[in-house]
C-alpha cells in the first residue's frame, strides 16, 4: 500500500476562505445528518483560524472554532485543535489535517489524516461535477482510504450566520 502523502506545498493565502464539505468519513463528534456544512479559514496571529458551521439533524445551527498550525516546514501538513484556546497546550489534543490533493485554482481540496481514518472533500461551491468527485474519490482510494462509510451531506442553500450562533 502506498503511503498517505500530502501535496508538496500549500499556499495559505489561496487556501483561506470558505469551503463546503462535499463528502467525508464519519467522525464521532460530527452529526452524520448535519447539513450545509462549511469550513472557513482565516489568519489569526500567524495561525490559521478554523470556523466550522452546519445545521444539526434538528436544524439547530452549530459552530466549532479551531486553530491550525503547520507541522515543521510543510505548509500542507497541519495540526488542528478545537479545544477552547486556554486548553490547546495539552499534548495529544491536536488532530492531523493533511491536504492530499488540491486543484491549481484552489477550488477543490482533498484533506485526510495519515492513519487513513478521516478524509474530507472540500469545494468552494456546494456541489461538484461528477467527474471532479470521481477524480478525488480515485485519489483517496489510491492513497488507501476505505470509502465504504462515506457521508455526503446535503446542501440546501442555507447558511449558519453569526447572528444564529450568537443566539444559541
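Placing pseudo-labels 7 Å out from each Cα toward the beta carbon at residue 166 and residue 70 gives an inter-label distance of 3.4 nm. Available extension along the chain between residue 159 and residue 29 is 44.7 nm, counting 0.36 nm per residue and deducting the alpha carbon span.
With the simple model of a label 7 Å out from the Cα in the direction of the Cβ, residue 142 to residue 117 spans 2.6 nm.
222 nm [θ] for the chain, helices only, -39500 (n - 2.57) per DSSP H run of 4+, per residue, to 500?
Numbers: 3 runs with 23 residues, N = 168.
Calculated mean residue ellipticity at 222 nm is -3500 deg cm²/dmol.
Placing pseudo-labels 7 Å out from each Cα toward the beta carbon at residue 134 and residue 42 gives an inter-label distance of 3.9 nm. Panel order for 19, 98, by other beta carbons found within 10 Å of each beta carbon, from fewest to most: 98, 19. When you restrict to C-alpha pairs under 8 Å that are six or more residues apart and normalise by the size of the chain, the relative contact order lands at 29 percent.
No lab work stands behind these numbers, since they all come straight from the coordinates. Being a predicted model, the structure only gives us computed values, none of them experimental. Here the Cβ is made from the backbone with ideal geometry for all residues, glycine too, and neighbour counts use every protein chain on show.
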